[in-house]
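Have a look at the structure below, then the notes.
The values are calculated or read from the model by the stated rules, or taken from the named source; none is laboratory data. This structure is a prediction, so every number in the text was calculated from the model and none was measured. Note that we place each Cβ from the backbone using ideal geometry, even for glycine, and neighbour counts take in every protein chain shown.
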Amino acid sequence: MSDFSHLDENGNVRMVDISVKPGTMRTASASGCITMRPETIRRLQTGDMPKGNVLTTAKVAGIQAAKQAANLIPLCHQLSLSWVDIEFALEDDRISIRATVKTKEATGVEMEALTAVTVAALTIYDMCKGVDKSMGIHEIRLEKKSGGKSGISSGFRPRTAILVVSDSIASGRAVDSSGALLREGFESAGCIVDMFSVVPDEPDRIADTVDLWIAGGAELVVVSGGTGLGPRDVSVETLLPKFTRRLPGIEQALFQWGQGKIRTAMLSRLAAGTIGSSVVLCLPGSQGAARDALEVLVPALFHAFDMINGGGH
């Protein structure tokens with residue numbers, strides 16, 4: 001639950017909307033400890049505690065707590081957890097606790113891991129308080145998390161060009177929205193977008209512009225529009241012959257994400273590939289398609305350039 005609730009523009013508490021985020025494998029680990037007298041540790045090790053097996057009970061309690069975190073913390077998201085594990089390390093005067101939680105969801109599991117450690121510590125406290133009044137719970141913290149955008153380590157940001165293909169926008173009969181969304185999104189992700197143009201649905205104009213930009217150093221070219229089924233939709237047919245490699249994984253990810261939102265996404269066409277060392281994307285011209293591309297591809301797409309430049313997977 002890495003997406004905490006926060007205040008909206010009117011000062012009202014609201015839950016963060018994660019419906020636009022794709023589900024990915026996410027992991028979080030948290031730790032903490034509970035201090036106690038050495039005699040209590042010895043009694044716990046020999047099983048001489050009035051309430052029974054302390055660590056087994058604490059482990060079950062921590063796992064159950066991770067599964068119930070959304071019921072304990074207001075406005076957190078209910079998640080389906082794939083795996084929860086809790087480990088204990090007994091020292092002279094303390095028990096160290098570590099919880100690891102995994103999920104395949106649209107938000108992280110930091111809060112589940114922290115809740116698991118906390119409740120495991122509270123359970124140990126409850127089961128030992130009859131023989132030890134000196135106990136204290138300390139140092140509960142998030143150790144690490146992975147998955148989602150935080151799990152993608154590439155710091156490279158490509159020089160980006162955005163081409164809007166539309167007869168109506170080029171002629172002034174309509175106003176661009178998808179291109180502006182893409183520009184804002186890639187700039188927010190740290191890309192330099194210093195090439196932007198609008199052209200009609202003419203193959204020569206599309207090809208000449210893309211060729212000029214790649215020759216001028218564009219590393220990522222995003223073409224918005226011209227991917228429909230109309231007779232003037234020619235972006236894919238124009239640029240596919242120029243591809244030196246197809247990137248079917250990108251195409252599949254965009255198709256799958258779009259169709260999960262709207263059934264008619266199956267009628268859209270799109271293409272992804274490389275021209276030399278530049279990545280070229282042909283996207284539908286709607287605002288929804290632009291948002292989908294930003295949600296699915298940023299920042300994972302940037303790792304492609306590490307590989308193009310000789311890096312590993």
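Please tell me if SER224 is touching a residue at least 40 places away in the same chain (Cβ under 8 Å), more than 29 Å from the chain's Cα centre (by Cα) and crowded, with 17+ Cβ neighbours inside 10 Å.
Working: touching a residue at least 40 places away in the same chain (Cβ under 8 Å): yes; more than 29 Å from the chain's Cα centre (by Cα): no; crowded, with 17+ Cβ neighbours inside 10 Å: yes.
The answer is no for SER224.
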Notebook entry, point to check: Yes or no: LYS104 of a type in the set (D, E, K, R) and loosely packed, with under 14 Cβ neighbours inside 10 Å?
Noted result: yes
Next item on the list: Would you please name the residue that is surrounded by the fewest Cβ atoms within 10 Å (Cβ to Cβ), looking only at residues in the range 40-68 that are within 19 Å of ILE137 (Cα to Cα) and among the small types (Gly, Ala, Ser)?
Entry: ALA61
Notebook entry, point to check: What is the residue count in the range 227-260 for residues that are surrounded by 14 or more Cβ atoms within 10 Å (Cβ to Cβ) and among the basic types (Lys, Arg)?
Noted result: 1
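Scan the range 6-13 and give yes if some residue there is modelled with pLDDT of 90 or more and closer than 30 Å to ALA300 by Cβ, otherwise no. Walk me through how you get there before you give the answer.
Start the filter on the range 6-13 by keeping residues that are modelled with pLDDT of 90 or more, which leaves none.
No, the range 6-13 has no match at all.
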Next item on the list: Only residues that are touching a residue at least 60 places away in the same chain (Cβ under 8 Å), β-branched (Val, Ile, Thr) and over 12 Å from VAL131 (Cα atoms): list them for the range 26-60, please.
Entry: THR27, ILE34, THR35, VAL54, THR57
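Which one of these is farther than 23 Å from MET307 by Cα and either in contact (Cβ under 8 Å) with a residue 40 or more places away in the chain or not charged (D, E, K, R) (or both): ILE192, ILE140, ILE162?
Values: ILE192 fails: farther than 23 Å from MET307 by Cα; ILE162 fails: farther than 23 Å from MET307 by Cα.
ILE140 is the lone residue from the list that is farther than 23 Å from MET307 by Cα and either in contact (Cβ under 8 Å) with a residue 40 or more places away in the chain or not charged (D, E, K, R) (or both).
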Item checked: Positions within the range 279-293 being surrounded by fewer than 20 Cβ atoms within 10 Å (Cβ to Cβ) and either assigned to a strand (DSSP E or B) or out of contact with any Lys or Arg (no Cβ under 8 Å at 6 or more places or on another chain) (or both), in sequence order -> GLN287, ARG291
Notebook entry, point to check: With (1) buried (at least 18 other Cβ atoms within 10 Å of the Cβ); (2) touching a helix residue (DSSP H, G or I) at 6+ places or on another chain (Cβ under 7 Å); (3) not hydrophobic (A, V, I, L, M, F, W, C) as the list, and GLY273 as the residue in question, which single condition is left unmet?
Noted result: (2)
Next item on the list: Go through the range 182-215 and count every residue that is touching a strand residue (DSSP E or B) at 6+ places or on another chain (Cβ under 7 Å) and in a loop (DSSP other than H, G, I, E, B).
Entry: 2
Checklist line | Selection within the range 241-259 - part of a helix (DSSP H, G or I) and touching a residue at least 40 places away in the same chain (Cβ under 8 Å) | finding: ILE250, ALA253, LEU254, TRP257
Notebook entry, point to check: Looking at (1) closer than 18 Å to ILE34 by Cβ; (2) part of a helix (DSSP H, G or I), can you tell me which one ALA70 breaks?
Noted result: (1)
Next item on the list: Exactly one condition in (1) within 26 Å of ASP211 (Cα to Cα); (2) in a helix (DSSP H, G or I) is not met by THR274; state its number.
Entry: (2)
